[in-house]
């Protein structure tokens, strides 16, 4: 069975080249979505639905292009059959017949088959990639493999973004804690805490210490 290794490798190289200069996760996701449209040229729209409850803390929702006004991809696609099936089955799926997209003004946008692929981070589904094709089109086996590769790479970036957010939150917590103790903690200790936040522990400990008072007379 042909696995399209060459095409998949070329697609990943092109994607990595586009997103390498970017460090902001939303810019990365937008570039990934643009590249997915190039990978699957018959697609009407490609979306990354962020399902992680903490996603709003480290990224912003993408906007669906099938509407004439800004529309959160999650609100637009969360209940679509392909997305629900991908979440339920925990794998890539294709739904050949889908109901139209209904815009705010009541107009319907006819669509063809939909493909969806879950994005995993630490065995949890944090997002779903959704690709919508126009009526009369179909997804090839190559499209299916590309979608799977794309989902895996998106998972890496979402994991990295979430880890950076957690590290930032930890640094803020440490800074706030040290600001209260600044009068009692030497600068050398503060530097160690800032450079090695993972070594900090707020649990109480019982230790024997020696204290020398240098400001006493007599």
### Query
Could you put 92, 24 in order, starting from the residue whose Cβ has the fewest other Cβ atoms within 10 Å?
24, 92
### Message
How would 58, 5 line up from fewest to most surrounding beta-carbon atoms within 10 angstrom?
### Response
5, 58
### Three principal axis lengths of segment 5-163 [C-alpha, angstrom, descending]
40, 37, 29
#### Entry: Spacing of the two label points (7 Å from each Cα toward its C-beta) at residue 165 and residue 148, in nm
2.9 nm
## Note on the structure
Extend 7 Å from the Cα of residue 176 along its Cα-to-C-beta direction; within segment 40-62, residues with backbone N under 12 Å of that point are none
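Each reported figure results from applying straightforward, stated rules to the coordinates on display, with no laboratory input. The structure displayed is predicted, hence computed values, not measured ones. Every residue, glycine as well, gets a Cβ built from its backbone with ideal geometry; the counts of neighbours run over all protein chains shown.
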